[in-house]
Amino acid sequence: MKMLRLAVSAAVLLIAAASAVLPQMAQAQAQPAAPAAAPAATPPEPASTAPAPTPAAAPAQATGGTRATEIVDNPYGLEALWKGGDIVAKVTLAILAIMSMGSWYIIITKVYEQFRMGAQARAADKSFWNAPTVRQGAEKLKEGSPYRFIAESGLEATSKHIGLLGNVDLNTWISMSIQRAIDNVQSRTQDGLAFLATVGSTAPFVGLFGTVWGIYHALTAIGIAGQASIDKVAGPVGEALIMTAFGLAVAVPAVLGYNWLVRRNKAAMDMVRGFAADLHAVLLSAPKTPARA
C-alpha cells in the first residue's frame, strides 16, 4: 500500500508538471512562428514593386542589342584587307585581278574565234568545192578566213613553181606551202593559251605568297600589341587567307579554260587539215599551163 501511494503521488506530480510546462512550450513555439509569418506577408509589397524595374531593364537590353547590330560593322573582310594591307598586299591583289581579267578576256575571245572558224568551215564546204576553179572558189570565201588563206597559199605555190623553185618536185613544193599555211593558222589559234597556262600554274602561288605575307604582318602586329586573344588573331589571319582563295579563284577558270580551248582547237584544226589535204589533191590534178621561156 505504501508503494502504491508513492506511485500515485509520483504520477500526480508528473501530470501537474507536464500541465505546467506544455503551455509554456506551446507559447514559445508560437512566438517564433509569428515573426516567420510576418516576413511571409511583407514580400508582396516588394513583389509588387520588384517587377516594375524588370520591364524597364528588358527594353534597355533589347535596345542595346539592336544598337550593337546596327552600329557595329564587320571589321573584317575585303575592305579591311585592302585598307589594312601594305603595298605588297595591294600589289599582290592587283596582280591577281589582272590575271583574272586577262584569263576571262582570252577565254571569251577564243570561244568567239572558234565559233567563227566553225562557220567558215561550213561555208567552205558549201561554196568552195562547187566552184569551177580553185581561184574562183577562194574568192567566194570571206577575207580573213583560214580556208581562203590556205587556198591562196596553194595557188601561189603552183604559180611560183619557176626558176630555182622549179627544181623542186611540184608535189613536194605544194605540200610544203600548204603545210606552212596550216602551221600559221594553228599558231594563230593558240594565241593566248600560253597566258592561260601561266595563270593556271602561278596564280595559286601568288595567292599563297599574299597569304604568307599577310599572316606575317598580322602576327607582327599582334606581338607588338601584346594581345593574342582569338578576336585579335582570327581577323587578320582570316583576311590573309583570302589571298589563297583569290589565287584559286583565278587559277581554276584558267586551267579549265585552257583544257577546253585546246580540245576545241584540235577539232578545228582537224577540219582545216582535211580541207588542206583535199586542196592538195585538187591542185595536183589540175591541168598545168606550160610556162613561157
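The values are calculated or read from the model by the stated rules, or taken from the named source; none is laboratory data. Here the structure is a predicted model, which is why all the values come from computation and not from measurement. When we count neighbours, we look across all protein chains shown, and the Cβ atoms used for this are built from the backbone with ideal geometry, even at glycine.
Couple of notes before you dig in:
Matching residues to (1) more than 18 Å from the chain's Cα centre (by Cα); (2) crowded, with 16+ Cβ neighbours inside 10 Å; (3) at pLDDT 95 or above; (4) among the β-branched types (Val, Ile, Thr):
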{"residue": "Leu193", "(1), (2), (3), (4)": "yes, yes, no, no"}
{"residue": "Val206", "(1), (2), (3), (4)": "no, yes, no, yes"}
{"residue": "Gly214", "(1), (2), (3), (4)": "yes, yes, no, no"}
{"residue": "Ala221", "(1), (2), (3), (4)": "yes, no, no, no"}
{"residue": "Ala225", "(1), (2), (3), (4)": "yes, no, no, no"}
{"residue": "Val233", "(1), (2), (3), (4)": "yes, no, no, yes"}
{"residue": "Pro236", "(1), (2), (3), (4)": "yes, yes, no, no"}
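- Some residue of segment 65-82 being modelled with pLDDT of 90 or more, hydrophobic (A, V, I, L, M, F, W, C) and over 30 Å from Val206 (Cα atoms): no
- Selection status of Gly118, in the same structural domain as Arg273 (by TED's automatic domain parsing), assigned to a helix (DSSP H, G or I) and crowded, with 17+ Cβ neighbours inside 10 Å: no
- Test: Trp129 is assigned by TED's automatic domain parsing to the domain that holds Ala254, in a loop (DSSP other than H, G, I, E, B) and at pLDDT 85 or above: yes
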